[in-house]
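Structure record follows, encoded as structure tokens.
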Amino acid sequence: MELDAKIPNNVNLSSEPKLQRALEKWQPRFLDWWMDMGPEGFQKDDVYLRTAISVDPAGWAHYDYVKMPDYRWGIFLTPQQSGRVIGFGDNQGQPVWNEVPGEFRTQLRRLIVTQGDTEPASVEQQRRLGKTAPSVFDLRNLFQVNVEEGRHLWAMVYLLHSYFGRDGREEAEELLDRRSGDRDKPRILGAFNEPCDDWLNFYMFTMFTDRDGKYQLLALAESGFDPLARTTKFMLTEEAFHMSVGETGVGRIVDRTAQLMREKKDDDVRKHGAIDLPTIQKYLNFWVSVSSDLFGGEISTNAAQYFAAGLKGRNREESYDDHKLLDSFYSMEVSKEGRLVTEEIPLRNAMNEVLRDDYIEDCQRGVDRWNKALEDAGLSDRLKLPHRRFHRQIGIYSGLHFSPEGVPISEEEWKRKRGEWLPTDEDQAFVRSLMHAVTEPGKMASWIGPPRQGIKGKPLEFEYVRKA
Ligand SMILES: [Fe+2]
Ligand SMILES: [Fe+2]
């Protein structure tokens, strides 16, 4: 463990001076990016943050006040498992790779760069949210998510620098050059170019988009390229927090809305400074659909190659019996001349869809918990996950139109109904009109309920962010 080194790490970086120097050269570039594109304002404030200091499940995190630019972004891989073998694909049973196999170099680099690109992208998307945080508690959580996405970028850059030589270093530079939403140099994936400029968007993003991240990391944690498996495994421990921010954030909005609906006997809670359920539903529809797109096309030769090569597996690969999938099929509903017909797709080509299935199930569990809160409040309204075919831009359903129930509809109907299903300009303007910073510790904005508990045993009134 080299915790006091310039770059904290558990990979014995000091024994590789060349790599260490290259990363130390990248470090000030990262910091410049953080100051330019990280949270706007607050950089001099003391934030009560969790920092990763080991990979030991019992005590990997340390909590204290830190100024964000002083955050100790480090490189942590879970320990090497001796005798680990590739768990799936054509190379199943072979020892895992500790170097990049030449024949898979391009594919591996693409997987790492694509994952790496999402990390700074989300920080960029969220950079102005601090100015309108609904509480000091939420403000701190935003910054916690942001610094950890920064660490995830470090995790991917470490792999690029240490295993991909010169082109890896070039990719690491480009990860700092692209900008979310920029017309000329956008981030690689669609959802990571969508503005995330109000807190309803932020919670939906951390609930649904970070959850895509979780499933990508789970699939990469199975990789036969061992350093990738070990680094993504540790990233998952941090990712869990991001999704809890999203799930509890939306949950607290639902709590507040339900409370007002009951107290005022009125579904239109907008006039009471809260967000009505139909608006919450529209935001949910939007973020679920753009996050679903992140899994890629339903039928994908890339996905088949990643699986065949042993680069990217399924979620918890060990829970399956067959790891080769040479003669298995996936029944998929495909659109043929405007009608949906079931086709049998070779399972390896349906790997994105297999991962998306697990994702959707996971999302449903979260929605069920929100609905439980509505039920407990004595309301009959429910939130619903849109069908996987709804509002897709990638894959076999893109370019077609479906209702949130997944029923094929005409373009005219889509145009007529769109505003009932997705946030309109007016909805967004309304949500934005609610966004004002609440800076007194323990107090909440009008549109969100209090969290159940504070952070790390601290009371809700604790000063999680201390002004400089
Ligand atoms: Fe991340
Ligand atoms: Fe995340």
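The values are calculated or read from the model by the stated rules, or taken from the named source; none is laboratory data. Because the structure is predicted, anything quoted here is derived from the model rather than measured. With ideal geometry, Cβ positions are generated from the backbone for all residues, glycine too; neighbour counts draw on all protein chains shown. Surface areas here come from the heavy atoms of the whole protein model, side chains and all, with no ligands, DNA or RNA. Shrake-Rupley method; radii C 1.70, N 1.55, O 1.52, S 1.80 Å.
Couple of notes before you dig in:
- Reported count of residues in region 188-203, each being more than 16 Å from ligand 1 (Cβ to nearest atom) and either under 10 Å from the mean Cα position of the chain (by Cα) or outside any helix (DSSP H, G or I) (or both), is 4.
- Failed criterion for I299 (all others in (1) open to solvent by less than 10 Å² (accessible area, probe 1.4 Å); (2) more than 16 Å from ligand 1 (Cβ to nearest atom); (3) touching a strand residue (DSSP E or B) at 6+ places or on another chain (Cβ under 9 Å) hold): (1)
Per-residue answers, yes or no, for (1) of a type in the set (G, A, S); (2) modelled with pLDDT under 95; (3) under 18 Å from G93 (Cβ atoms):
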| site | (1), (2), (3) |
| --- | --- |
| P278 | no, no, no |
| F286 | no, no, no |
| S289 | yes, no, no |
| G297 | yes, no, no |
| N302 | no, no, no |
| L311 | no, no, yes |
| E317 | no, no, yes |
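- Condition met for T106 (more than 16 Å from ligand 2 (Cβ to nearest atom), without any contact (Cβ under 8 Å) to a residue 24 or more places away in the chain and among the β-branched types (V, I, T)): yes
- Hey, G130 within 16 Å of ligand 2 (Cβ to nearest atom), in contact with a helix residue (DSSP H, G or I) (Cβ under 7 Å, 6 or more places away or on another chain) and in contact (Cβ under 8 Å) with a residue 40 or more places away in the chain or not: no
- Qualifying residue in region 39-57 (condition: open to solvent by less than 10 Å² (accessible area, probe 1.4 Å), in a loop (DSSP other than H, G, I, E, B) and on the phi > 0 side of the Ramachandran plot): no
- Selection of region 273-312 for residues being part of a loop (DSSP other than H, G, I, E, B), over 30 Å from G449 (Cα atoms) and free of Cβ contacts under 8 Å to residues at least 60 places away in the same chain yields only S300.
- Residue in region 2-25 that is of a type in the set (V, I, T), in contact with a His (Cβ under 9 Å, 6 or more places away or on another chain), in contact (Cβ under 8 Å) with a residue 24 or more places away in the chain and not in a strand (DSSP E or B) present: no
- Failed item in (1) of a type in the set (D, E, K, R); (2) under 30 Å from G449 (Cα atoms); (3) open to solvent by less than 60 Å² (accessible area, probe 1.4 Å), with D368 passing the rest: (3)
- With respect to (1) surrounded by fewer than 22 Cβ atoms within 10 Å (Cβ to Cβ); (2) within 16 Å of ligand 2 (Cβ to nearest atom), the lone exception for D321 is condition (2).
- Selection of region 342-358 for residues being of a type outside the set (D, E), open to solvent by 20 Å² or more (accessible area, probe 1.4 Å) and more than 17 Å from R388 (Cα to Cα) yields P346, L347, R348, N349.
- Qualifying residue in region 410-418 (condition: in contact (Cβ under 8 Å) with a residue 24 or more places away in the chain and among the basic types (K, R)): no
- Number of residues in region 81-105 that are open to solvent by 70 Å² or more (accessible area, probe 1.4 Å) and touching a Lys or Arg at 6+ places or on another chain (Cβ under 7 Å) equals 0.
This table checks each residue for (1) within 16 Å of ligand 2 (Cβ to nearest atom); (2) open to solvent by 40 Å² or more (accessible area, probe 1.4 Å); (3) not in a helix (DSSP H, G or I).
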position: N141; (1), (2), (3): yes, no, no
position: V147; (1), (2), (3): yes, no, no
position: R169; (1), (2), (3): no, yes, no
position: E173; (1), (2), (3): no, yes, no
position: L176; (1), (2), (3): no, no, no
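- Some residue of region 367-387 being touching a Phe, Trp or Tyr at 6+ places or on another chain (Cβ under 9 Å), part of a loop (DSSP other than H, G, I, E, B) and closer than 30 Å to E222 by Cβ: yes
- Among the residues of region 149-167, the one identified as open to solvent by less than 10 Å² (accessible area, probe 1.4 Å), among the charged types (D, E, K, R) and more than 13 Å from the chain's Cα centre (by Cα) is R151.
The rows are residues; the columns are (1) closer than 30 Å to L311 by Cβ; (2) more than 20 Å from the chain's Cα centre (by Cα).
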{"position": "R105", "(1), (2)": "yes, yes"}
{"position": "I112", "(1), (2)": "yes, no"}
{"position": "N141", "(1), (2)": "no, no"}
{"position": "Q144", "(1), (2)": "no, no"}
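- Test: residue in region 60-81 that is in contact with a Gly (Cβ under 6 Å, 6 or more places away or on another chain) and either of a type in the set (A, V, I, L, M) or assigned to a loop (DSSP other than H, G, I, E, B) (or both): yes
- Some residue of region 123-130 being open to solvent by less than 10 Å² (accessible area, probe 1.4 Å) and under 30 Å from R105 (Cα atoms): yes
- For beta carbons closer than 8 Å, sequence separation of 6+ or different chains, a first residue in region 66-94 that is under 21 Å from A219 (Cβ atoms) and a second that is of a type in the set (D, E) and open to solvent by less than 30 Å² (accessible area, probe 1.4 Å), the qualifying pairs are Q80/D226; R84/D226; G87/E317; F88/E317.
- Within region 218-261, the set of residues being crowded, with 23+ Cβ neighbours inside 10 Å and not in a helix (DSSP H, G or I) comprises E222, S223, G224, F225.
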